[in-house]
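Let me begin by presenting the structure, written as structure tokens, before commenting on it.
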């Protein structure tokens, strides 16, 4: 994956900094809560959402089960429509293919449509090394590129920036990349969008080569689909002479009809719209080929593996390949909201990143090994996922892989001890009685280890005078009786903190 | 071994023991509104277009040239791109507006179109539930660049023949081999604080004429 | 009717009041409650931390201990969810690894009989008014596993609404996780604490005196944060509220 993410710290360390950044927290909270409520309304408009979701899940599972067949069909259709199909086993090969295609045009710059696949492979850096400048044209990607920053959200890569910060980046940095920001630029979103329009228009009009991804590829027709909002996608897909699309192999769908499912739930899940402003669909060079003068004269499709076939081999993990990158899971995730996207150490942040990145990259690095644990398993992601990826299930599955790696000896020993104790209820009962009997000696905080982590922000629980099972033995011996007092078979033995007055009898 | 063969081999190996998944069941709705109430479907289209900041107008065939002339005038347009196959009568009353025709012999460049104020087109069809216009580069629509570079797009929908209720109704009527552009309101972005604002690279003003 | 109580390890060792209240409540409603003493833990901490194989003996123990009961009632949404959602997975994985049918059979036998307390009250006993009295302002946090895995829905709220003199206050952002998440709380302490702080703040904003939940593991985390802040709020398990009556009112105090 991209060199930009090499040597990232483990998730908990990166997240710690984020939780202490008040401005970041405010930006993320505002944005995610805004879209969360809107999404719920957009989804609520369709009373057959569950049926669409089930159909989407099954279409994807069928596609993945016969992925070789559909990719070959796609290749044949794209080729017969005048396109050229390339296959890239990994990021390095994909980057090499794209760089050579650009070099063959004699151009030294490309315009880019926002694309997760090219983020994943670090294409911009690779092109820079080959002497080619890649201009990001999506507004949020532009903000990230101008700010020499990293994306922090799948849909809105600059979600960590508020309007004031964006204004400052435009004012300070636009001139270095081309047309400067207008004089007196305000932080009104409409003015910021206008500044981006002016800055990028000259690039669109002179560009000869564009690089895109695709949201969907239709095997039966060879059609590629790009879903967008701003029109930068249309500019890149329509104006240049050469179009190079880098697309993960899992983005194929079997039939044209399948779009009736995915185009209903992608925009609603993503931007909470009934439909995104612009969708472009093209099949090779079109019915008239290069001669009809509509769109590029050369089209290259680069099919990218880069870890996807490894993911496909994992019975539990392969469901992650259903992902359509809508980012609904990010917007509802309480961990993402507080940790921010950068803590995930890859272009794929949030819950989907926590299950996708460790499968694409493995769990060798510190950050990748920490990602499956970057979740409270609350399940909000699974609930909103339009293709029903059971993200908590995959997280736990990946935790098992990480726990089997070296470096977990102490944790494994503790877990083994716990299982032993739970397997020996007599010993458990004795331990509980001892703990209760010595409770006056227990501190409220502890300095080290898991207990130390607990007491950073919380007091340790006060242990009861006796465990439940001791009470039960006594209760069992009592004759069945009329209503009894609840829960206070002994008088309080420790002073109460000054809480609500009514709660004291 | 080529990467193509390597990837295909890896896919087949990965799936060697995978069970056949459940078959696809399409028991979702064909449409979310009664499709035989055409007037209601057209009203829904109008409402959803307007909801995403398209300006919606309704007129009859004889009123169309006058309406188009007024829309161009209201926008202050001095030039209008004209796709091949656009009925000549549509722009008959647009006095004082330069016609800039696109044709196969002399295709307009993007640079030329950047200096054109408006474009008037028809469409292939419109989808009511999502407020979407679909253009397929056919007669009266032209190459994709025409509706992209000018800042003002006027799109005429023949409501009797071109309006469908839903996506499942729209897809079978479209030819996937043609270049397709789906338009749902003017250019917009949610990239600043996930709040939608209209107007970035595509036409910032979208007038839709629903022709009775 | 005779049912088994699955008290859960947390309630047994640390917060016995909820288990005691569950016994009192069910007995008041005419249910005969048994507590098979060979029970211990459902294995959720091991499983969710990535130690599936260490969970397996506990799956077998649970199935054995509760073998003869038509219902196994537990005052914990997450432990019920562990059995119902994850035990079948553990069985399926063992089968896929060619390690026999024993775990799959244990899971299939036990999972359908394990019910969370509010499910048992509303669905099995068919009651929402359990005759409770609790004259305090209460807000309810629906813990994630109860909310999303079990789908408890409005059952807890229906039970609380029927409690005499209880003023129920809506918790803003109720469906959002409190940040406990088992070992998440110690593996990602900063994010966990940030989530917990927001949950406590939301509860305080309602003006409630009591933050009620149906999962003591979440309440343990929230109570630790409340006490660290000396905030004017108590965390109380739903079972304790439902067990309280005018003659035997709920009382704060040292646990059991």
**Fill in**
proj_area_mean for chain B (convex hull on C-alpha atoms), units nm², value 17.4 nm²
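Calculated FRET efficiency, residue A:241 and residue A:183, Cβ-Cβ r, R0 35 Å, to nearest 0.05?
Numbers: r = 35 Å, r/R0 = 0.99.
Computed FRET efficiency for residue A:241 and residue A:183: 0.50.
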**Fill in**
Rounded to the nearest 500, the 222 nm mean residue ellipticity computed for chain A from DSSP H runs (n ≥ 4, each -39500 (n - 2.57)) alone is -14500 deg cm²/dmol
**Request:** Go ahead and set up a Gaussian network model of chain B, Cα springs under 10 Å, then flag whichever of B:104, B:188, B:14 fluctuates most.
**Result:** B:14
**Fill in**
Output field shielding_mean for C:27-34 (other chain Cβ, 10 Å radius) holds 2
**Request:** Please give the contour-minus-distance gain from residue A:168 to residue A:255: 0.36 nm per residue of separation, less the Cα-Cα distance, rounded to one decimal in nm.
**Result:** 26.7 nm
**Complete:** If R0 = 30 Å, then residue B:161 and residue C:170, at their Cβ-Cβ distance, give a FRET efficiency to the nearest 0.05 of 0.05
**Asked** Say we join alpha carbon atoms closer than 10 Å with springs in a Gaussian network model of chain C; which of C:23, C:83, C:149 then has the biggest fluctuation?
**Response** C:149
**Complete:** Once normalised by the length of chain C, the mean sequence separation of its alpha carbon contacts under 8 Å that are 6 or more apart gives a contact order in percent of 21 percent
**Request:** Among DSSP beta bridges whose residues both lie in the protein assembly as shown, state the antiparallel percentage, nearest 5.
**Result:** 25 percent
**Item:** FRET efficiency estimate (nearest 0.05) - Cβ-Cβ, residue A:17 to residue A:206, R0 30 angstrom
**Value:** 0.15
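Please report C:230, B:153, B:57 as a ranked list, fewest other C-beta atoms within 10 angstrom at the top and most at the bottom. Walk me through the numbers on the way to the answer.
Numbers: C:230 10, B:153 26, B:57 19.
Fewest-to-most ranking of C:230, B:153, B:57: C:230, B:57, B:153.
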**Item:** Choice from B:87, B:21, B:101 with maximal GNM fluctuation in chain B (Cα, 10 Å cutoff)
**Value:** B:21
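Would you mind ranking C:195, B:1 so that the residue whose beta carbon has the fewest other beta carbons within 10 Å leads the list?
B:1, C:195
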**Complete:** Of all DSSP beta bridges having both residues in chain A, the percent classed as antiparallel (nearest 5) is 25 percent
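Give the relative contact order (percent, whole number) for the range C:137-243; include only Cα pairs under 8 Å separated by 6+ residues. Kindly include the intermediate steps, with their values, before the conclusion.
Details: 151 pairs, mean separation 34.7, N = 107.
The value is 32 percent.
How many Cβ atoms of partner chains, on average, are near each residue of A:426-434 if near means within 10 Å of its Cβ? Each step should come with its number before you reach the end.
Details: counts 2, 1, 6, 4, 0, 1, 5, 1, 0.
Mean partner-chain Cβ count within 10 Å for A:426-434: 2.
Could you work out the mean count of beta carbons from other protein chains within 10 Å of each residue's beta carbon in A:280-287? Kindly include the intermediate steps, with their values, before the conclusion.
On the way: counts 6, 10, 7, 6, 1, 1, 6, 5.
Counting Cβ atoms of other protein chains within 10 Å of each residue's Cβ and averaging gives 5.
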**Prompt:** At what distance in angstrom do the alpha carbon centres of the range C:222-249 and the range A:429-466 lie from each other?
**Reply:** 19 Å
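Each value in this text was obtained by applying a stated rule to the coordinates, not by laboratory testing. Every value quoted in this text rests on a predicted model; they were computed, and no experiment measured them. Here Cβ is always computed from backbone atoms with ideal geometry, including for glycine, and neighbour counts include all displayed protein chains.
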